[in-house]
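Okay, structure first, notes after.
No value in this document is a laboratory result; all are computed from the given coordinates. Source: prediction; values computed, not measured. Every residue, glycine as well, gets a Cβ built from its backbone with ideal geometry; the counts of neighbours run over all protein chains shown.
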């Protein structure tokens, strides 16, 4: 097929923030996750674990606890002292209420989802009513010394267990009184006495309070008598988190050594009713603190400060072994953080609070497969743009010519004009940008760099005209005819400037004619989240990647799926393709070779050649290395449509610069690890 | 995974060329050589082929008007060929004979069904009336009268085996939809008749069988696309007229939801069967295919479509399939490897197999309850399904009703019956098709047997205990007293098997075994039956002393390197006896000690017991460990050859443990001094050698680091070729 000159970029020094807390919602099969930088993400397990919502963080808004309550409303609380409700349609904080108790360390919702309890720095536990327009303060429970680090409601909603330093309390919700106080370090020898932090509690329906503490213990208490029922030393380091399954027969705990353990309630003797908690399965998926764990009916979920989200299905809960039972690990966001100015050979990297603009290097030599060419001009860091204010960046883009840079935060939209004179770059902020409804969820420049598309809420897309030498004008706002509350999160424009495709949070894809600023048609709804979109520059076919790894090609002029797309659906994609576990995040095309589609996910880069037959399940999907060993003549028969390269991992971005020049942005996990604080030293035998 | 290779044509079968004149193949039999097959067609001709060369070596025909009625077989002992034409005329000839008219001829008094030739045995002639003669008996008086056992039943299939030295013939007959199985044993001249349990709406199409551990396993391919397994014990004491054989489903031939209609099949190994049949998917024409199935995981392993159609016959000799495909006889070589779970799962997309494996029901374990529950369970099961019969208790325990044997009853019987009677029942138990809670049951049976052993000193069913333990899945905790009794009886063979099989032996018992093994004299052990598998490869059993083999020591310590200390090499040269050179114990004892080394233990629990070991025994054991250590260090891989031989880590751990336990004794004991010093020298030599290796490792790592550095640049331009 051909040789590419690949610019292998590893200078995108992106470090994902650690996972702070998790909340699993059983009914919708979704997981809410908060990171240490205050970002909140929602993973849809039903849509192949796609990260379908992401609310960027905020400097002043750390999230210490997340709760699903009142159906599928998501609440968060943090050290800022506020209880906030998230707007999952417009991806921002809907409203916040001050807890008036100083920093909030913990929050728990009752079984019915009608009330929230928060644990504050000042030692108070406060109750809030969940009302249609947010939360309303209800009452204070007994206040005591010491911050309340963790809370758990009894399923009957009559009592709350609260953990703080050295102490565990049970509070009566009706009277607000402390009805039990348990000193957790009572058994420790005087000489060794140090502070024992109760990091997490759970209140079981049997009246047992489960606590995990900084001494590495998981303890079971009878709350009425205040006696210790069982104590398990899990680890020499702290046990930071615990979660109980809905049936209360299994507990998952996370430790600061990066290990997670499962405890199960099992009969000790055969046939006897006497059941004990037994440590059954240890897992070591993380290198750093496991700050949050959750327990879905079929899986153990853990999130660590190493930024990894790990979903470990429980084999005994799975109907069949295979793909469903595979371990999932997510480190990188399911959307792109890099944009590329193809013509100018620039890359724009998006960090949480700044942007970096780099110019790629070049070479004047060529070589054979696998060779590293000498770089005659090194890559250059042109500009660093710092976002002002505490808000994190939602999205950013650079125009194909490289002269326009735009980004948006929750409340502000910035447009810059860059001018290149020789080696120097000057950046000028465009004043008087039109006042738009913010935030923008996605930004996209047209191929001629003449207009900028701004994805906004309620399914709308704003079209801005970019004016030389440095101005901009609002041309039109495109809206779906039926209306939708969900925001647009993916955009794709055609090379000829005629068409725009927009995918919104309800997984609908609308097509607009830019000539007439009119809605053209809607792509038939598919039951899975859209992960990437692109319009072919020659044929004007829209290529869509879904989170279940399906690929569709939709002809915009004909308003229907193309014949090739139907063939793919009829014959089905290769099993190995469907079982990949990271979504396609970017699609590109080769204008010189219209049958090629370039796709990538975190672990592979693929050129899909539509002119070749699709592989069937008996053929090997990754056949490149096998093909390389075959003589030219024998290759013909073995060729199939998917040309997959796994050399570049983990891949955050890949694009075609010109006909035979690619850019690949990698972020090696080792490089991220070096940015993290050192993990707890564990003595390995013999070292 | 099993795999089918590309096939090749052995010969054409069409009327124009090749053999058979289009009438088809009567049968294919193995020829005198492993690479030879004898093909008999439904006409007048028999041909001998060399398979790898795909060419005929010889061809014999009977006269016009005569027909070969029984497949030609080869007498492996004499390299003669035997055929029957026109049902009654027997011909025997050799390779050099050309004209069949002129070879030895014998006319028999009855019609022959088949001749079975066995390696190392006299060929067996099976008559259509069910009578069987060996060939030499028959040739003594060809006109002797042959009895008719089966009146109007028709023989469908027959097969012969050798069990030990005894030939056994099994054949299946059919009459009015009922199928009968006959087992003929020659030594005792016994013919057993069984009736095959009926299957509604389906009848057996093909049979195949194998023999193992005194039990014939018969597999039947039914017309409903299922393979059933029937177990027939060879030992049968009751002379009852007719026993019904129950069958258990082994495999359902389901391919993507549609049933494979098998026509014939063959057993490949303990987990794999090959089935030739036709597959009809919805709305499609049926297509014939050859398939290999894994019975353990119930999965289709591989299949090959045969678009030109087959005759429905399949033969399998020496890892090759033979079948007619269109107008030719095709040979396909197959490979069948032991399948792992990983290999088997997910091969067949929507097979109906369940992933639920059977587990022991621990709740059913408590002793007395089990008796009750099993009794009630089984009686209910048996009432509803009276075919599950195993009636044979009549001759031994007359008072009990002649119905069936339940486990509960067996447990009661063990308490008071005679040992012969118990053995009978146990045999039946073992030949039963898969029981639920098999392990639990066996555990209870063993416990009952052991209890009996304790009360009755004469009673000790050693062979049965061995057989029971060898069934997988038992553990120490299932039968805790077994080893104690074996220790008391000094049954070292049983102890050896227990140590090898049980995963959970307490350290106390392990120690007790060790002590017993060390204390028994080698002379006594020579007379006992011990499995020597683990030592046979490295101990020279014939002459275990005074003969020095000058082997090259590969593990790096040569004379230059170790001038100062290594007197192991020195002794080699001077032929002086050294501790590390000869096995200090006999091979039997070594095998037993290996079993101890192999068992799992925890240091903390073993150490206190080990301290009780008498000093002399400790020294002997240490000497043996030293020997093993030196022996295993001879190879670069530091492993000992052979099955279940101890690993270097096990040897080292035990050595350290033993030294820990007897440190002061060893230091004080004069006879241990030489041993300790040679051990010390050997270890020092090894340490020095490894430190040299470490140095090399350092330089190699540096090389690797250089390579990695190149890789960790933040920017590079590379060339990527996609094909």
*asked:* Just to verify a number: FRET efficiency for residue A:100 and residue A:59, C-beta to C-beta distance, R0 = 22 Å, to 0.05?
replied: 0.50
*Any idea what the alpha-carbon Rg over 2.2 N^0.38 Å comes to for region A:165-311?*
1.06
*Does chain A come out rounded, prolate or oblate, given a ≥ b ≥ c as the square roots of the eigenvalues of its C-alpha gyration tensor, rounded meaning a/c under 1.5 and, failing that, prolate meaning a/b above b/c?*
prolate
*Relative contact order of chain A, pairs being alpha-carbon contacts under 8 Å that are 6 or more residues apart, as %*: 8
*How far is it, in nm, from the label point at residue B:603 to the one at residue A:619 when both lie 7 Å from their Cα along the line to the Cβ?*
5.7
*Go ahead and run the numbers for FRET between residue B:418 and residue A:579, Cβ-Cβ distance against an R0 of 60 Å, rounding to 0.05.*
0.45
*asked:* If I model region B:93-199 as equal point scatterers sitting on the Cα atoms and use the Debye formula, what is log10 I(q)/I(0) at q = 0.13, 0.20 Å⁻¹?
replied: -0.53, -1.09
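Between residue A:138 and residue A:506, what is 0.36 nm times their sequence separation minus the Cα-Cα distance? Round to one decimal in nm.
Details: separation 368, 0.36 × 368 = 132.48 nm, distance 3.49 nm.
My answer for the length gained is 129.0 nm.
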*Under a plain spin-label model, where a point goes 7 Å from the Cα along Cα-to-Cβ, how far apart in nm are residue A:72 and residue B:163?*
6.6
_What number do you get for region A:575-632 when its Cα radius of gyration is normalised by 2.2 N^0.38 Å, N = residues?_
1.23
_Report the gain in length on full extension from residue B:438 to residue B:533: 0.36 nm times residue separation, minus Cα-Cα distance, nm rounded to one decimal._
31.3 nm
*Would you calculate the separation in nanometres between label points at residue B:101 and residue B:86, each defined as 7 Å from the Cα along the Cα-to-beta-carbon direction?*
1.3
*Given C-alpha coordinates of region A:300-366, what is the ratio Rg to Rh with the Kirkwood estimate of Rh?*
1.24
*Using the count of nearby Cβ atoms within 10 Å as a rough guide to exposure, how do A:28, A:260 rank from fewest to most?*
A:28, A:260
*Specify whether the C-alpha gyration tensor of region B:655-698 places it in the rounded, prolate or oblate class, a ≥ b ≥ c being the square roots of the eigenvalues: rounded for a/c under 1.5, otherwise prolate if a/b is larger than b/c and oblate if not.*
prolate
*For region A:462-583, how big is the tail of P(r) above 17 Å, as a whole percent of Cα pairs?*
59
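Using 1/(1 + (r/R0)^6) with R0 = 22 angstrom and r between the beta carbons of residue A:482 and residue A:558, what's the FRET efficiency to the nearest 0.05?
0.50
So if I take the alpha carbon set of region A:345-490, get Rg, then get Rh from the Kirkwood formula, what is the Rg over Rh ratio? Please list the in-between numbers first.
Working: Rg = 17.5 Å, Rh = 16.7 Å.
A ratio of 1.05.
Which value results when the Cα radius of gyration for region A:240-329 is divided by 2.2 N^0.38 Å?
1.12
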*Most to least packed among A:625-635, B:593-603 [average Cβ atoms within 10 Å]*: B:593-603, A:625-635
*Report, as an integer, the average count of C-beta atoms from other chains found within 10 Å of each Cβ along A:624-637.*
1
*Quick one: length gained pulling residue A:632 to residue A:179 fully straight, 0.36 nm per residue minus the C-alpha distance?*
155.0 nm
*Average partner chain C-beta neighbours within 10 Å, per residue of A:7-15?*
3
*Paramagnetic reach from residue A:428 (point 7 Å along Cα→Cβ, amide N under 19 Å) across region A:346-361*: none
*Evaluate region A:23-115: find the radius of gyration of its Cα atoms, find its Kirkwood radius, and give the ratio Rg to Rh.*
0.95
_Calculate log10 I(q)/I(0) of the protein assembly as shown for q = 0.09 Å⁻¹, where I(q) comes from the Debye formula with a single equal point scatterer on each Cα and nothing for solvent._
-1.36
*Is region A:474-545 rounded, prolate or oblate when judged by the Cα gyration tensor, a ≥ b ≥ c being the square roots of its eigenvalues, rounded requiring a/c under 1.5 and prolate requiring a/b larger than b/c?*
oblate
*For a paramagnetic label modelled at 7 Å from the Cα of residue B:668 toward its Cβ, which residues of region B:603-628 fall within the zone defined by backbone nitrogen distances under 18 Å?*
B:610-620
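Give me a single rounded figure for A:365-377: the average over its residues of other chain Cβ atoms within 10 Å of their Cβ.
Going residue by residue through A:365-377 and averaging, the value is 3.
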